There are 2 protein chains.
Amino acid sequence: MNKICNLFNIKYPIIQGGMVWCSGWKLASAVSNAGGLGLIGAGSMHPETLEKHIIKTKETTSKPFGVNVPLMYPEVDKIMEIIVRHEVPIVFTSAGNPKKWTGWLKQKGIKVAHVVSSSVFAEKCEAAGIDAIVAEGFEAGGHNGREETTTLALIPSVRKITGLPLLAAGGIATGEAMLATMILGADGVQIGSAFAISEESSAHPNFKKLITQIGEGETKLTLKKLAPSRIVKNQFFEQVSEAENLGKTAKDLLLLAGKGRTKKGIFEGDIENGAMGIGQVSAQITEVIPVAEIMQNLISEYNSAKDEIEIDERYAF
Amino acid sequence: MNKICNLFNIKYPIIQGGMVWCSGWKLASAVSNAGGLGLIGAGSMHPETLEKHIIKTKETTSKPFGVNVPLMYPEVDKIMEIIVRHEVPIVFTSAGNPKKWTGWLKQKGIKVAHVVSSSVFAEKCEAAGIDAIVAEGFEAGGHNGREETTTLALIPSVRKITGLPLLAAGGIATGEAMLATMILGADGVQIGSAFAISEESSAHPNFKKLITQIGEGETKLTLKKLAPSRIVKNQFFEQVSEAENLGKTAKDLLLLAGKGRTKKGIFEGDIENGAMGIGQVSAQITEVIPVAEIMQNLISEYNSAKDEIEIDERYAF
């Protein structure tokens, strides 16, 4: 049996990334109901908001679901208490040291996955007793690793150092890409961008529309002196780039960026002044469709791609 | 039949990138003799040197081979004249407009491929009458595109806009990665890094040794204000990075870099002061082995990966 399906008790090894400002109960329960694993994104929620979303998710799906918790979050203690109290079965952690919470969560019977951008961090996950690793490449949207290793280069290296269930993330919006990353050693995938602009995402319609329109090369990894983040090349991006070209310091850039840029972009729909985090695969996404359709497409593309290997003459030489 | 094998009359759809300072007759004929397509890298050769290498390649293989010509090369007219005079059957062009030479070369009966880093350039290839496209992602070594699109994100987009034979490049050093990129839509692969440090490569032993030792995150795309290039993070890289952080201009950076850095690094073996162009897959390459062994490994890994899809339970859900 597929290790990811087995670990999380789900039908398909497809995890929906717990993206800020996109991933409320509506998205999470839709993904879980469609046979994947939906994640509520705690990173953009006050603890009381998260609690409401957990309750609502439980009301709208009987399937397993999880919460994504960025470990740098200021109220992480409260978040974890809520997760345990409401018996959330699965937690994905990111942006921090997996040592701190994994043992405690596992004692409560919670499965824990952690997101990494390098093999070195994957090794730390092993040591911390993590149940599954998400290895996310340079092409992914939003916060990203400093080493800029792409999914194609990253997955084989992470697979080499760990036998843990492994999810590939970054650059995956089709069943073909899903199969491709599994051939590289992943047991399944975490998908962000495609779900970020699904009908059930809580992102602003302006954000969703923009993402369906942008093409190749219209996102870029920026703000490398602060925390590297892949965003759409809009007015805000151009301001930051200009400052970076002039050699502005991290402090200057922090002043320029200010606070709440991601909320402004993704949730409030200010497509020029917001930070619009999205992956390179946005170029492949051209419509806003429901989660159930995204999942169906992924599975049928995956199956066709598998079948084609047997019959398409380009594979035989 | 596989389109790349058919087009170039080769056994395996594996092209050896025509890398500067690595790709002389020894490497090219070894790859062609092993069933792939060897390319002489004209980018680091005077015309008379290229001529010698073409003659020597013809003496050492009866199989098809080609020459890679960067179109920005100052003596490209002379290079093309030599190629035609010696009846080289295949030319790969890069770094320039494919319109200029493709028609002329094809009139002489030469097959022409062109290297691109975006779908927009792939469309220009179609219009120029190119026979095959190489789409090269961000993870590739040496000169690289400005849009930073990774192989995983690039190949499906290029496949979507063209039916031409398509080679994936960047991030491929194993048969698994070869199969993965073919699932994304490629008909075959162009491989650089693995051949750059093969026994038959003309790179300096210091370069080869360094590449076998470096790990993940030890290359980076740099010199973005000039021509973006992925190189090893050595002393030269650190000097450039420091200047870039301070906001130095393209002119300042050109002065700092000077001329001949790539020759100094790859050919002369000055691993601290040279520009050591290599891809992110260098992390996966740990030994200097002969081309024949690299080719055997690629094919056996490719076949195993294909077979595993049928039998490994992680693929079935």
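The values are calculated or read from the model by the stated rules, or taken from the named source; none is laboratory data. In this text the structure is predicted, and so the values were computed from the model without any measurement. Every residue, glycine as well, gets a Cβ built from its backbone with ideal geometry; the counts of neighbours run over all protein chains shown.
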Filter the stretch B:277-295 down to the residues that are in contact (Cβ under 8 Å) with a residue 12 or more places away in the chain and surrounded by fewer than 21 Cβ atoms within 10 Å (Cβ to Cβ) and list them by number.
B:Q284, B:T286, B:E287, B:V288, B:I289, B:P290, B:A292
Conditions: (1) surrounded by 14 or more Cβ atoms within 10 Å (Cβ to Cβ); (2) of a type in the set (V, I, T); (3) away from chain B (no Cβ under 11 Å). A:I309 meets all but one. Number of the miss?
(3)
Scan of the stretch A:212-221 for residues that are closer than 14 Å to A:A140 by Cβ and more than 8 Å from every other protein chain (Cβ to nearest Cβ), ordered by number
A:T219
Every residue in the stretch A:29-43 that is part of a strand (DSSP E or B) and out of contact with any helix residue (DSSP H, G or I) (no Cβ under 7 Å at 6 or more places or on another chain), please.
A:G41
Does any residue of the stretch A:189-212 turn out to be over 15 Å from the mean Cα position of the chain (by Cα) and without any contact (Cβ under 8 Å) to a residue 12 or more places away in the chain?
no
Looking for whichever is in contact with a strand residue (DSSP E or B) (Cβ under 6 Å, 6 or more places away or on another chain), touching a residue at least 40 places away in the same chain (Cβ under 8 Å) and either not in a loop (DSSP other than H, G, I, E, B) or not assigned by TED's automatic domain parsing to the domain that holds B:S229 (or both) here; the options are B:V112, B:V91, B:V67. Which one fits?
B:V67
Single residue of A:I55, A:I83 found to be crowded, with 23+ Cβ neighbours inside 10 Å and either of a type in the set (A, V, I, L, M, F, W, C) or out of contact with any Ser or Thr (no Cβ under 9 Å at 6 or more places or on another chain) (or both):
A:I83
Quick check on this structure: which one of B:T93, B:T49, B:T102, B:T57 is under 16 Å from the mean Cα position of the chain (by Cα) and more than 23 Å from B:Y302 (Cβ to Cβ)?
B:T93
